[in-house]
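Notes follow the structure.
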Amino acid sequence: MPGFYSWQNGDLLLRIYLQPRASVDEIVGPHGEALKIRVTAPPVEGKANRKLRAFLAAQFDVPPTRVTLEKGHGSRIKLWRIHQPRRLPALIDPAE
């Protein structure tokens, strides 16, 4: 299992390395013990976190209310919880 995610009672916990001010919103891939994701929003006034929340909601086919930032509000390394994801990117194994 890659070190950037784990499962907890049907919820997916994701450790993310966030790169704000990118040219496109995208999942880059593993980055050490985190999953690198780029978003177009700047890292000011929570804009990058809000953009990442919406991006994760779309990627996992859940409403944004089911995506919670657990740790790392002001850091590039963040821990997010996806409550009961309906879809998984290829990087994540549903069996683990």
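The values are calculated or read from the model by the stated rules, or taken from the named source; none is laboratory data. Since this is a predicted model, take the numbers as computed values, not measurements. Virtual Cβ from ideal backbone geometry, glycine too; neighbours counted across all protein chains shown.
For region 3-18, give me each residue that is touching a strand residue (DSSP E or B) at 6+ places or on another chain (Cβ under 6 Å) and outside any strand (DSSP E or B).
Result: 4, single match.
Considering only residues that are surrounded by fewer than 16 Cβ atoms within 10 Å (Cβ to Cβ), among the aliphatic types (A, V, I, L, M) and over 10 Å from the mean Cα position of the chain (by Cα), which ones fall in region 23-57?
Answer for region 23-57, where residues must be surrounded by fewer than 16 Cβ atoms within 10 Å (Cβ to Cβ), among the aliphatic types (A, V, I, L, M) and over 10 Å from the mean Cα position of the chain (by Cα): 24, 28, 44.
Rundown of residues vs (1) in contact with a Leu (Cβ under 9 Å, 6 or more places away or on another chain); (2) aromatic (Phe, Trp, Tyr); (3) under 15 Å from residue 12 (Cβ atoms); (4) at pLDDT below 95, yes/no style:
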| position | (1), (2), (3), (4) |
| --- | --- |
| 24 | no, no, no, no |
| 36 | yes, no, no, no |
| 60 | yes, yes, yes, no |
| 70 | yes, no, yes, no |
| 73 | no, no, no, yes |
| 85 | yes, no, yes, no |
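Which one of these does residue 20 not meet: (1) at pLDDT 95 or above; (2) under 24 Å from residue 84 (Cα atoms)?
(2)
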